[in-house]
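Chemist: I'd like to ask some things about the structure below.
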Amino acid sequence: MRRTLVLLHGFTQTRQSWRRTIGALGGRYRAVAPDLPGHGLAAARRPASFPACTAYVRALADGAPLTLAGYSMGGRIALHAALALRPLVERLVLVGASPGIADAAEREARRAADEELAARIEASTIEPFAVEWGAQPLFAGQEERVAAAAYADRLRNTPEGLAAALRGLGTGVMAPLWEQLPELAIPVTLVVGERDEKFRAIAEAMAGRLPAVELVVIDGAGHAAQLERPDAVAAAIARA
């Protein structure tokens, strides 16, 4: 019987962002990639909060142990869920993810910035924001086909949904989980793109706190490694 794999997408993405990674896994898992609160078809169906997302992951598992993977925002949710749902989560894969902002003042500044951005998104339409989000230095160096696919995926969202996700699932409102990392006895795979210097440094710091960890650097990839190198990310997921 195939093991269950739950894949959680990043901010401004939808479940479609995992399509090529799932294809590269070749049926090894029973792969489930939901739209997260504020995104895609779930824009208004579920509250955007870490406890609500954790409850949803539990429901997706349906009592069976699972491998949980998440990218960026989805990685934050996956880490929160893995800590809350022990021993249901038997393995964790984090792609370009962070355990949150440890410094309280920095975290509050991020929360305020996210609130300002959320208000600006609500006052706009999805197209200009999708262009703006994709133009960040974080995504520099993406191939044209990857950037085009990411833009098309962002258009599946609504301004109201993305604003709600920022307010409920942003880094500024997330309780930092750095101190809880040593409690994760399960195998954890940290995946990061070679060009993603900021999150490579975060992953290296996380690796020093996790008891059973593997750090995988994806050659030629930036922050959204699962979009740029879905084959390599699938290989990292399938290692165990």
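Nothing in this text is a laboratory measurement; each read-out follows from the coordinates by a stated rule. Note that this is a predicted model, so its numbers are computed, not measured. We place every Cβ from the backbone using ideal geometry, glycine too, and count neighbours over all the protein chains shown.
Chemist: Work out how much length S124 to A52 would gain on full extension: take 0.36 nm times their residue separation and subtract the Cα-Cα distance, in nm to one decimal. Before the final figure, lay out the partial values.
Modeler: Numbers: separation 72, 0.36 × 72 = 25.92 nm, distance 2.72 nm.
Contour length minus Cα-Cα distance gives 23.2 nm.
Chemist: Now for a separate question. With charges set only on the Cβ (+1 for Lys and Arg, -1 for Asp and Glu), what does the dipole of segment 4-237 come to about its Cα centre, in debye to the nearest 20?
Modeler: Charge dipole, segment 4-237, about its Cα centre: 700 debye, nearest 20.
Chemist: If you don't mind, another one. Could you work out how far apart the two model spin labels at A152 and L85 are, taking each label as a point 7 Å from the Cα in the direction of the beta carbon, and quote it in nm?
Modeler: 3.0 nm
Chemist: Could the peptides 1-7, 175-181, 226-232 be put in order, highest first, of the mean number of other beta-carbon atoms found within 10 Å of their residues?
Modeler: With the highest mean Cβ count within 10 Å placed first, the list reads 226-232, 1-7, 175-181.
Chemist: How many angstrom lie between the Cα centre of segment 226-240 and the Cα centre of segment 1-29?
Modeler: If we compute the Cα centre of each part, the gap is 10 Å.
Chemist: Report Rg/Rh for the chain, rounded to two decimals, where Rg is the Cα radius of gyration and Rh the Kirkwood radius.
Modeler: 0.93
Chemist: How big is the gap, in Å, between the Cα center of segment 123-153 and the Cα center of segment 50-82?
Modeler: Taking the Cα centre of segment 50-82 as reference, the centre of segment 123-153 is 26 Å away.
Chemist: Can you run phi through the Karplus equation (6.51, -1.76, 1.60; θ = phi - 60°) for segment 63-69 and list ³J(HN,Hα) in whole Hz, with x for Gly and Pro?
Modeler: Here the 3J(HN,Hα) series is x, 9, x, 9, 9, 10, 10 Hz.
Chemist: Calculate the FRET efficiency for E106 and L60 from the Cβ-Cβ distance with a Förster distance of 30 Å, rounded to the nearest 0.05. Write down the numbers at each step before the final one.
Modeler: Details: r = 33 Å, r/R0 = 1.09.
Rounded to the nearest 0.05, the efficiency is 0.35.
Chemist: Provide the gained length on full extension for the span E179 to R19, in nm with one decimal, where the gain is 0.36 nm per separating residue minus the Cα-Cα distance.
Modeler: Numbers: separation 160, 0.36 × 160 = 57.60 nm, distance 3.34 nm.
Taking 0.36 nm per residue and subtracting the Cα distance, the gain is 54.3 nm.
Chemist: Of A81, T4, P51, which is farthest along the charge dipole of segment 3-108 in the positive direction, counting Lys and Arg as +1 and Asp and Glu as -1 at C-beta?
Modeler: T4
Chemist: What do you get when you divide the Cα radius of gyration of segment 137-240 by 2.2 N^0.38 Å, with N the number of residues?
Modeler: Rg over 2.2 N^0.38 Å, computed on Cα atoms: 1.21.
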